[in-house]
Ligand SMILES: Nc1ncnc2c1ncn2[C@@H]1O[C@H](COP(=O)(O)OP(=O)(O)OP(=O)(O)O)[C@@H](O)[C@H]1O
Ligand SMILES: [Mg+2]
């Protein structure tokens with residue numbers, strides 16, 4: 001392959017990988033936006049989503065779309081349960097306590113999953129590889145098409161919910177100023193719970209798509225993408241929804257370019273180099289506001 | 001007839017800080033009652049407690065005959081108490097219209113909500129012109145109007161106002177106070193917190209004076225405005 005076609009092919013790979021990062025990053029950023037918590041268990045929620053999808057496809061014999069929906073529903077519910085049991089009691093506790101709890105939840109999800117499904121990686125059934133298309137000589141395989149299309153649809157739905165619906169406006173209000181939102185009659189606890197549900201469902205979709213994409217899942221698979229998605233959220237501006245979308249895509253593209261043109265060994269290094277650079281030069285992220293507009 | 005709002009001997013703490021030390025006050029239906037006092041006297045704390053953002057450690061609060069102490073803030077709005085918080089606290093990242101929509105969050109009567117948007121725009125024509133503008137770009141006075149319009153969108157029986165004159169030019173203060181009188185005459189009872197005692201006493205029926213968490217004086221607003229003690233402490237002569 002010449003330089004040009006390699007570039008285009010890596011961009012295609014990057015966008016589809018990046019769309020998965022974006023799905024996970026959205027959960028980080030929404031939860032951070034609303035309760036200022038870096039939910040370190042979020043990567044593990046994504047892992048659980050992958051397993052729910054896996055069992056829906058293998059044990060129940062469902063197709064990819066019903067499996068995706070059921071995984072989003074179950075995992076969304078799990079996110080709400082985790083919030084209710086682990087984080088809600090700490091609403092007025094110092095932030096460090098909540099952060100440590102999140103790390104605890106992360107370990108709990110990883111090892112509880114191992115207990116139930118064994119640590120052995122599972123091979124995700126090959127559900128979509130035949131559906132690839134060729135555009136102008138470049139291959140977009142079925143998995144890439146699927147992850148990009150699903151991500152696009154989910155982002156459109158999410159944007160609609162957040163911008164136009166009553167619950168979305170309540171989410172923005174609570175995230176901007178919780179007390180004043182309560183003075184409007186908004187039940188902040190309920191809104192926070194729903195935010196966890198939505199963020200977790202999006203991560204679950206990411207988990208199923210990664211299963212489809214890489215064909216392999218295991219109980220510790222959430223650690224690295226969890227960190228990467230965190231980088232993506234910070235890159236876009238933590239707490240800013242379009243920022244998470246853009247951050248995920250940029251990160252995916254950078255990683256693909258690095259593995260295509262340098263070496264895949266540097267892929268992870270590139271992600272964390274981005275984190276360091278962002279924190280040094282633009283800590284608020286691409287879309288973040290540098291000034292706080294609160295009173 | 002029992003008072004609309006009855007606050008009875010409440011004590012409110014922030015951790016170890018004893019901010020409200022046994023306050024009692026009443027507001028009758030149709031009145032404008034004002035609560036005046038210096039910085040840190042506990043005026044906002046009192047309003048925040050009535051609104052349910054804080055829970056009194058001791059004492060009772062009843063509204064329309066029902067106890068509301070300890071009832072969550074989002075529920076108190078549904079009972080008919082709405083607050084315009086200190087510093088306006090508008091949702092700066094949302095449009096003027098979205099702010100008003102959030103004010104109507106508790107309601108589902110589409111027609112009634114539509115009428116109330118019109119009522120708010122009639123009262124504050126400047127908001128109409130800026131409907132789709134981000135609320136954070138409004139001037140201070142416009143933000144105050146938005147905060148008031150937003151509070152009215154829940155159709156409150158009792159409106160709590162926390163220092164609506166804060167940071168505004170004298171002419172605008174007069175305009176805001178005229179609107180408060182209008183709102184009251186249209187049937188909404190008002191509990192007004194102010195540091196601008198002059199203006200507050202001029203529109204109120206009754207007044208309470210708060211000093212470091214205790215009520216030190218109360219009575220008819222006109223009489224208090226004329227009293228030597230008040231003139232010295234709060235009216236600059
Ligand atoms: N969140 C808080 N934590 C601790 N103490 C607080 C808090 N809020 C208020 N206080 C204290 O409670 C007391 C009453 O404060 P409050 O805000 O009710 O006063 P205020 O009369 O509204 O004053 P101002 O006119 O400046 O708004 C003050 O001593 C204040 O320092
Ligand atoms: Mg105050």
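The values are calculated or read from the model by the stated rules, or taken from the named source; none is laboratory data. Given the structure is predicted, the values throughout are model-derived calculations rather than measurements. We place every Cβ from the backbone using ideal geometry, glycine too, and count neighbours over all the protein chains shown.
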Every listed condition ((1) within 13 Å of chain A (Cβ to nearest Cβ); (2) away from ligand 1 (no atom under 13 Å from the Cβ); (3) out of contact with any strand residue (DSSP E or B) (no Cβ under 6 Å at 6 or more places or on another chain)) holds for residue B:81 save (3)
Output yes when any residue across the stretch B:153-160 is modelled with pLDDT under 95 and within 16 Å of ligand 2 (Cβ to nearest atom), and no when none is. no
Within the stretch B:1-46, the residues that are out of contact with any helix residue (DSSP H, G or I) (no Cβ under 9 Å at 6 or more places or on another chain), within 14 Å of chain A (Cβ to nearest Cβ) and within 16 Å of ligand 2 (Cβ to nearest atom) are B:44, B:45
Exercise for the section: Would you confirm whether any residue within the stretch A:106-114 is touching a helix residue (DSSP H, G or I) at 6+ places or on another chain (Cβ under 9 Å), more than 23 Å from residue A:212 (Cα to Cα) and buried (at least 19 other Cβ atoms within 10 Å of the Cβ)? Expected result: yes
When the stretch B:201-232 is checked residue by residue, the ones that are over 13 Å from residue B:27 (Cα atoms) and assigned to a loop (DSSP other than H, G, I, E, B) are B:212, B:213, B:227
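Conditions tested, residue by residue: (1) part of a loop (DSSP other than H, G, I, E, B); (2) without any contact (Cβ under 8 Å) to a residue 24 or more places away in the chain.
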{"residue": "A:18", "(1), (2)": "no, no"}
{"residue": "A:22", "(1), (2)": "no, no"}
{"residue": "A:37", "(1), (2)": "yes, no"}
{"residue": "A:62", "(1), (2)": "yes, yes"}
{"residue": "A:73", "(1), (2)": "no, no"}
Checking B:106, B:95, B:60 in turn, the sole residue that is within 27 Å of residue A:92 (Cα to Cα) and outside the structural domain of residue B:40 (by TED's automatic domain parsing) turns out to be B:106
| If you check residue B:71 against the conditions, is it under 30 Å from residue B:218 (Cα atoms) and within 16 Å of ligand 2 (Cβ to nearest atom)? | no
Of those in the stretch B:50-67 that are closer than 25 Å to residue B:187 by Cβ and within 14 Å of chain A (Cβ to nearest Cβ), the residue farthest from ligand 1 (Cβ to nearest atom) is B:52
It is to be established whether one or more residues within the stretch B:212-235 are under 16 Å from residue B:46 (Cβ atoms), within 15 Å of ligand 1 (Cβ to nearest atom), buried (at least 19 other Cβ atoms within 10 Å of the Cβ) and not assigned by TED's automatic domain parsing to the domain that holds residue B:87.
yes
Residue B:178: passes all of (1) over 23 Å from residue B:113 (Cα atoms); (2) within 13 Å of the chain's Cα centre (by Cα); (3) more than 16 Å from ligand 2 (Cβ to nearest atom) but (2)
Of the residues in the stretch A:232-266 that are at pLDDT below 90, part of a helix (DSSP H, G or I) and surrounded by fewer than 18 Cβ atoms within 10 Å (Cβ to Cβ), the one that is farthest from the chain's Cα centre (by Cα) is A:261
Among the residues of the stretch B:84-106, the number that are at the interface with chain A (Cβ under 7 Å from one of its Cβ atoms) and within 15 Å of the chain's Cα centre (by Cα) is 4
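Quick grid of which residues meet (1) more than 14 Å from chain B (Cβ to nearest Cβ); (2) within 30 Å of residue B:104 (Cβ to Cβ):
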site: A:163; (1), (2): no, yes
site: A:187; (1), (2): no, yes
site: A:197; (1), (2): yes, yes
site: A:204; (1), (2): yes, no
site: A:213; (1), (2): yes, no
site: A:227; (1), (2): yes, no
The correct count of residues that are surrounded by fewer than 20 Cβ atoms within 10 Å (Cβ to Cβ) and either farther than 17 Å from residue B:119 by Cα or in contact with a strand residue (DSSP E or B) (Cβ under 6 Å, 6 or more places away or on another chain) (or both) in the stretch B:157-172 is 7
Those residues of the stretch B:174-200 which are in a helix (DSSP H, G or I) and more than 16 Å from ligand 1 (Cβ to nearest atom) amount to B:174, B:175, B:176, B:177, B:178, B:179, B:180, B:181, B:182, B:183, B:184, B:185
Filter the stretch B:23-43 for residues that are over 26 Å from residue B:187 (Cβ atoms) and surrounded by 16 or more Cβ atoms within 10 Å (Cβ to Cβ); the one that is farthest from ligand 1 (Cβ to nearest atom) is B:23
